[in-house]
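Written out below as structure tokens is the structure these notes cover.
The values are calculated or read from the model by the stated rules, or taken from the named source; none is laboratory data. Bear in mind that the values here come from a model prediction, so they are computed numbers and not experimental data. All Cβ positions, glycine included, derive from the backbone under ideal geometry; neighbour counts span all protein chains shown. Protein only, heavy atoms only, side chains kept; ligands, DNA and RNA dropped before computing areas. Shrake-Rupley method; radii C 1.70, N 1.55, O 1.52, S 1.80 Å.
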Amino acid sequence: MNNRKLLYSLSGYLFVLPYLTLFGIFLVLPLFYGLGLSFFRWELASLVPPKFVGLHNYSEALTSPYFLKALWATFRFVVMAVPLTVGSALVVAVWINTVPLKRQYYYRAAYFLPVMISISVAGLLWRWFYNSEFGLFNAYLSLIGLKVPWITDVRLAMKSIVLMTIWWTMGGAMVILLAGLQQIPDHYYEAASIDGANARQRFFYITLPLLRPVLLFVIVMNIIGSFQVFGQTWMITRGGPELSTRVLVQYIYETAFTHYRMGYASAMSWLLFLVIMIFSIIQFRILREKQ
Amino acid sequence: MMKVRWKCGYLCVIFAALFIVVSGCGAGDSQKVKLRYWNGFTGPDGRTMRRLVNQFNRENPDIFVLMQRMDWSTYYNKLFVAGIGKRAPEVFIIQVYMLERFMRANFIRSIDDLLAKQTEITAEDFPPYLWSRVEKNGKHYGIPLDIHMWGMYYNKKLFREAGIVDEHGEPVPPKNRKEFLDAVRKLTRDLNGDGKPDEWGFVFTWFESNIYTFMLQWGGKFFTPDYSRCIMNCKENVEALQFCVDLIRKYKVAPPPENFDAWLGFRQGKIGLVFDGIYMLQDLRRQEDLDFGGAPLPKLGKYPAAWGSSHIMCLKAGLKGKRLQSAWRFIRFLSEHSLDWAEGGQIPARKKFRETERFRKMTVQWEFAKQIPYIKLLPRTPFISEFLTEFDLAVEKALRGSATPKEALDIATEKVNKVIARYRAMYKEALGGTGE
């Protein structure tokens, strides 16, 4: 019996093993390699051997206007993208939940479709949509005499990126929220209706509280993902105009692979990691307290 | 149970098929030398290059060249990482301005021993300013395949409509500042009377090469001769950039740079003339309703000048024996077929091919190639990407009007000087000496 149990648990580990190996080699190992690197000056393109410089890379980052500007751009993106994405996902999920089951499949698929498009394709498409001279959006807007500099105006560019992000990622959040909604037993709503609760009250006193764990999961994942934003800005604006949409990941990427400063780029990656971790911890705290 | 067995059956068939395919490939190619060849020709030029590679493979049954193309911006990352991991391709292309970095990193094999054993390719065949760029410490590190430079494309139909024609009714491209300003003013037209132009005389397509060209024409410098200091905020550069800004704000002959695909505007026949690279030629040719011509850039400043670059064919460091000979044969093949390559919108680097009747018939290339005596390559420094990043940002700020040309260039200069200081300190510490 004991043997059997051992075998059983062993087989579990065996199943995880392939993934764990890859995870270890391609994620955990580079992670700590990067941490080590961040204390070195290592310029790939030079013949100069790596040299230990302590915290120099970190202090350079924290005093660099480019780093701070990229961090600020990232924050702006997160602050706009997360509430809007999750909010619209919630609205759509609640709405889809009310239509008959058969039609639900179509709607769900329709909203989920953009999620399956790769970012390079989606980015290219939206770059065309946003084109101020020949783009789709301005073609329609020109009918009412408008011409919007979607991605060429310093103030507007990031908002346009956010808009595209909502379209692109909202479906993913929506599907999870919808699944959460469908787990809420119907009789709660029936009971509330009998008690005379209107739709608004039913939403705020039944749906929202019962959806909280799912909602918080979606928010946390969204924030983590948003801090790592790169594909959209890279494809649509390349960080422009005037670096207004150059987010942290892009700056790290450029530092590492255009300027070949591996140590400095690693240090910035770890700073980004710290920021994400702090936010995640805060959220998990909230999650735990409410439960 | 039946189902499971069936699935196994499928799997067996698939594996068997794979085995046959894999072993089949192996058997046939065992005596062939396989060469990997990387480049960044992802545009229409890639099709031309593919044809050349196929031709080489047909004509040389003992060699198989496998070409891989990547977007230039990601290309160098891959090449660098491959080079560090000792897995670089045998043959690869490097744009001349990136060469310094790769030469410094010892990724490229010098070719002087190979050059000595043949007579076709000679130093005299290349413009001196280009040949000197593949040289470092007396050794040569590659063969220039082409020279691609900026020139002027103009819309013949719009020129005729604006009356910029000679006595035969043929459009006349401008040759100096006066003619240029005159032409672009005439070409900027408000067609529907809303007070805003619908057709523009000029547009800035790719800021970097555009403004660089303007600055060169004004006689601007970017570094002190020993590269110890960046001087891109010199008087000439500020004036040149101011002229560019004036084209937008004062003369109002170019649209404000709110537009990403200014190039498309020219393709669609809404812009009178643009400056762009010879490599855009195929793109224009595909636009069937566009009647365009090519000409050397007008002399807008004090000197004739045009941004130019070159694709350098390089060999992997440490290559020897049969692989080396095969790779070298491939490079020579490409060089000998410079004219086929030129068809797709390039200028052969070798004078020998530029003087042929066949090249004369490539009208646009022929016009652009007139600028060869005075084209200017980007500065030769290992920190070229840092320089370009700052340069681009400064130019963008100025053209968009969020800083004056002087302010923008001052900031950029200061930033680049910091980079230089860092480089110098690093090299000085590691290698001793002056840090050069």
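Only one of A:PRO114, A:PRO149 is open to solvent by less than 60 Å² (accessible area, probe 1.4 Å), within 14 Å of chain B (Cβ to nearest Cβ), out of contact with any strand residue (DSSP E or B) (no Cβ under 9 Å at 6 or more places or on another chain) and not hydroxyl-bearing (Ser, Thr, Tyr). Can you tell me which?
Step by step, each of A:PRO114, A:PRO149 is checked, and only A:PRO149 is open to solvent by less than 60 Å² (accessible area, probe 1.4 Å), within 14 Å of chain B (Cβ to nearest Cβ), out of contact with any strand residue (DSSP E or B) (no Cβ under 9 Å at 6 or more places or on another chain) and not hydroxyl-bearing (Ser, Thr, Tyr).
Restrict the check to segment B:74-82 and report whether at least one residue is open to solvent by less than 20 Å² (accessible area, probe 1.4 Å), farther than 15 Å from B:PRO144 by Cα and among the polar types (S, T, N, Q).
yes
Of the numbered conditions (1) open to solvent by less than 50 Å² (accessible area, probe 1.4 Å); (2) hydroxyl-bearing (Ser, Thr, Tyr); (3) within 14 Å of chain B (Cβ to nearest Cβ), A:THR63 satisfies every one except a single condition; which is it?
Unmet condition: (1).
Would you mind stating whether A:SER132 is modelled with pLDDT under 90, in contact with an Asp or Glu (Cβ under 7 Å, 6 or more places away or on another chain) and not in a helix (DSSP H, G or I)?
Considered against the rule, which asks whether it is modelled with pLDDT under 90, in contact with an Asp or Glu (Cβ under 7 Å, 6 or more places away or on another chain) and not in a helix (DSSP H, G or I), A:SER132 comes out as yes.
Scan segment B:83-94 for residues that are of a type outside the set (Lys, Arg) and either more than 12 Å from every other protein chain (Cβ to nearest Cβ) or closer than 19 Å to B:THR381 by Cα (or both) and jot them down. Talk me through it step by step, then tell me what you get.
Narrowing segment B:83-94 to residues of a type outside the set (Lys, Arg): B:83-85, B:88-94.
Matches in segment B:83-94: B:ALA88, B:PRO89, B:GLU90, B:VAL91, B:PHE92, B:ILE93, B:ILE94.
Given B:LYS270, B:LYS250, which one is closer than 30 Å to B:PRO174 by Cβ, in contact with a strand residue (DSSP E or B) (Cβ under 9 Å, 6 or more places away or on another chain) and not assigned by TED's automatic domain parsing to the domain that holds B:ASN60?
Unique residue meeting the criteria: B:LYS270.
For the subset of segment A:117-146 comprising residues that are more than 10 Å from chain B (Cβ to nearest Cβ) and of a type in the set (S, T, N, Q), which member is surrounded by the fewest Cβ atoms within 10 Å (Cβ to Cβ)?
Going through the qualifying residues, I end up with A:SER118.
Where the second residue is assigned to a helix (DSSP H, G or I) and open to solvent by 90 Å² or more (accessible area, probe 1.4 Å) and the first is of a type outside the set (A, V, I, L, M) and lies in segment B:281-303, which pairs have Cβ atoms under 6 Å and are six or more apart or on separate chains?
Every condition considered, the pairs that remain are B:ASP291/B:LYS157.
Kindly provide the set of residues from segment B:175-212 that are under 30 Å from B:GLU390 (Cα atoms), at pLDDT 90 or above and open to solvent by 80 Å² or more (accessible area, probe 1.4 Å), ordered by number.
B:ARG177
Restricting attention to segment B:95-134, which residues are crowded, with 17+ Cβ neighbours inside 10 Å, within 14 Å of chain A (Cβ to nearest Cβ) and in a loop (DSSP other than H, G, I, E, B)?
Within segment B:95-134, B:ALA105, B:PHE107 meet the criteria.
Which one of these is among the hydroxyl-bearing types (Ser, Thr, Tyr) and within 14 Å of another protein chain (Cβ to nearest Cβ): A:SER46, A:SER38?
Details: A:SER38 fails: within 14 Å of another protein chain (Cβ to nearest Cβ).
Within the list A:SER46, A:SER38, the selection yields A:SER46.
Kindly indicate which of B:ALA408, B:ALA412, B:ALA421 is part of a helix (DSSP H, G or I), more than 30 Å from B:LYS316 (Cα to Cα), more than 24 Å from the chain's Cα centre (by Cα) and modelled with pLDDT of 95 or more.
The conditions single out B:ALA408.
Do we find a residue being out of contact with any Phe, Trp or Tyr (no Cβ under 9 Å at 6 or more places or on another chain) and away from every other protein chain (no Cβ under 14 Å) anywhere in segment A:223-244?
Looking for residues that are out of contact with any Phe, Trp or Tyr (no Cβ under 9 Å at 6 or more places or on another chain) and away from every other protein chain (no Cβ under 14 Å), one finds at least one in segment A:223-244, hence yes.
Condition check ((1) open to solvent by 30 Å² or more (accessible area, probe 1.4 Å); (2) among the polar types (S, T, N, Q); (3) touching a helix residue (DSSP H, G or I) at 6+ places or on another chain (Cβ under 6 Å)) across all residues:
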site: B:PHE214; (1), (2), (3): no, no, yes
site: B:LYS221; (1), (2), (3): yes, no, no
site: B:THR224; (1), (2), (3): no, yes, no
site: B:ALA240; (1), (2), (3): no, no, yes
site: B:TYR251; (1), (2), (3): yes, no, no
site: B:VAL274; (1), (2), (3): no, no, yes
site: B:MET280; (1), (2), (3): yes, no, no
site: B:ASP283; (1), (2), (3): no, no, no
site: B:GLY301; (1), (2), (3): no, no, yes
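Considering only residues that are aromatic (Phe, Trp, Tyr) and within 14 Å of chain B (Cβ to nearest Cβ), look in segment A:66-98 and name the one that is farthest from the chain's Cα centre (by Cα). I'd like the intermediate steps shown before the answer.
We begin by selecting, within segment A:66-98, every residue aromatic (Phe, Trp, Tyr); these are A:66-67, A:72, A:75, A:77, A:95.
With the extra rule that they be within 14 Å of chain B (Cβ to nearest Cβ), the set shrinks to A:66-67.
Numbers: A:TYR66: 22, A:PHE67: 20 Å.
Per the stated criteria, the residue is A:TYR66.
Say whether the condition of being in a helix (DSSP H, G or I), more than 12 Å from chain B (Cβ to nearest Cβ), within 16 Å of the chain's Cα centre (by Cα) and over 23 Å from B:LEU393 (Cα atoms) is met by at least one residue in segment A:249-259.
No, that holds for no residue.
Table: residues versus (1) within 20 Å of the chain's Cα centre (by Cα); (2) within 14 Å of chain A (Cβ to nearest Cβ); (3) touching a residue at least 24 places away in the same chain (Cβ under 8 Å).
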site: B:ASP340; (1), (2), (3): yes, no, yes
site: B:ARG350; (1), (2), (3): yes, no, yes
site: B:TRP366; (1), (2), (3): yes, no, no
site: B:PRO379; (1), (2), (3): yes, no, yes
site: B:LEU388; (1), (2), (3): yes, yes, yes
site: B:VAL395; (1), (2), (3): yes, yes, yes
site: B:LEU399; (1), (2), (3): no, yes, yes
site: B:ALA403; (1), (2), (3): no, yes, no
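Does segment B:57-70 contain at least one residue that is in contact (Cβ under 8 Å) with a residue 24 or more places away in the chain and within 14 Å of another protein chain (Cβ to nearest Cβ)?
So far as segment B:57-70 goes, yes, one or more of its residues are in contact (Cβ under 8 Å) with a residue 24 or more places away in the chain and within 14 Å of another protein chain (Cβ to nearest Cβ).
Quick one: which residue in A:LEU17, A:LEU90 is part of a helix (DSSP H, G or I) and open to solvent by 60 Å² or more (accessible area, probe 1.4 Å)?
A:LEU17
For B:GLU355, all conditions in the list (1) assigned by TED's automatic domain parsing to the domain that holds B:LYS156; (2) surrounded by fewer than 22 Cβ atoms within 10 Å (Cβ to Cβ) hold save one; what is the number of the exception?
Of (1) assigned by TED's automatic domain parsing to the domain that holds B:LYS156; (2) surrounded by fewer than 22 Cβ atoms within 10 Å (Cβ to Cβ), only one is false for B:GLU355: (1).
Filter segment B:360-387 for residues that are touching a Ser or Thr at 6+ places or on another chain (Cβ under 9 Å) and assigned to a helix (DSSP H, G or I) and give the result.
Residues satisfying the conditions are B:SER385, B:GLU386, B:PHE387.
Cβ-Cβ under 9 Å, sequence separation 6+ or interchain: first residue in segment B:99-120 and farther than 27 Å from A:PRO49 by Cα, partner part of a loop (DSSP other than H, G, I, E, B) and among the aliphatic types (A, V, I, L, M). Which pairs?
These pairs meet every condition: B:LEU115/B:ILE121.
If you check A:PHE40, A:PHE23, which single one turns out to be within 28 Å of the chain's Cα centre (by Cα) and open to solvent by less than 90 Å² (accessible area, probe 1.4 Å)?
Numbers: A:PHE40 fails: within 28 Å of the chain's Cα centre (by Cα).
Criteria check complete, one pass: A:PHE23.
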